[in-house]
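Data block below; observations after.
Please treat every number below as a calculation from the coordinates, not as lab data. Just so it is clear, the model here is predicted, and its values are computed rather than measured. Counting neighbours? That spans all protein chains shown, and the Cβs are built from the backbone with ideal geometry, glycine included.
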Amino acid sequence: MRNKASPGEYLAFLSMKYEIDPDKFFFALILAKENQESTCGNLSIEYRGKQQNKIVFLITKGQKVVAQFPLPEEFLLENNNPIKNFRKTEKFHRRLIKKDNGLQFIQIKDLRSGMKKVSLKATVLEVARPTLVFTRFGNYASVANALIADETGTIKLCLWNEQIKSLSIGDSIQIENASTSTFRGEKQLRIGKKGILLNKGNLPPKQGNTNHKFTV
């Protein structure tokens, strides 16, 4: 496995790169082992046999080989999805920041409704109490607004489910690939499936400068 990454780390970055839900990715690997092959999003996963106590998978996208790697058998037997768990770790977030390819960060004062692919750095000022809502997908979800700020202004950030628990007052965050909208006459920042929320932790507040650096 390249760069000596752990299986969880390597698969977590693959799931992020190809925009695949980590639960669906983990299940697709199990399915491929049982049925020789499976699909997940735009990727095809093929079981290629065993090497000692490791399972070999081939992942392709169309005619292109994405990866071929051995995976310890016990990896697929874990009760908790190790791919999803690794995406929540600080190590994963640090690696994402290192992979930053010159993102253009915008200031809150320059945000306009309808903007897409927004990246910014801010500090969390407030996190509202979550509300349970019934979604258009036919399930219940928790939603809450966080008030975030940089040195130029404030804006509300819409959070869902696990994102709510990932932030606390005083946290310094970095948001990538978000969008802005207007709700009840007020601008909001939203992080969709392709967005990234990085939490740099709780930092002492600084006067006049809050421009510091979650998870999906």
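Which of the aspartates and glutamates could a cross-linker span from Lys109 if the Cα-Cα distance has to be under 12 Å and same-chain partners fewer than 8 positions apart are dropped?
List returned: Asp150, Glu151.
Which FRET efficiency, nearest 0.05, do Val66 and Ser119 yield, Cβ-Cβ r, R0 30 Å? Write down the numbers at each step before the final one.
On the way: r = 26 Å, r/R0 = 0.86.
Approximately 0.70, to the nearest 0.05.
Label points 7 Å out from Cα along the Cβ direction at Asn139 and Asn79: separation in nm?
So the two model labels end up 2.1 nm from each other.
For Asn35 and Ala149, what is the calculated FRET efficiency with R₀ set at 45 Å and r taken between the beta-carbons, to the nearest 0.05?
Working: r = 51 Å, r/R0 = 1.12.
E(calc), rounded to 0.05, equals 0.35.
Quote the Stokes-Einstein diffusion coefficient, in whole µm² s⁻¹, for the range 98-161, based on the Kirkwood radius over alpha carbon pairs, a temperature of 37 °C and a viscosity of 0.692 mPa s. Write down the numbers at each step before the final one.
Working: Rh = 13.7 Å.
Using the Kirkwood radius from Cα pairs, D works out to 239 µm²/s.
Output the Kirkwood hydrodynamic radius of the range 2-87, Cα pairs only, in Å rounded to one decimal. Can you show the working numbers first?
Values: mean 1/r = 0.0784 Å⁻¹.
The Cα-based Kirkwood calculation yields 12.8 Å.
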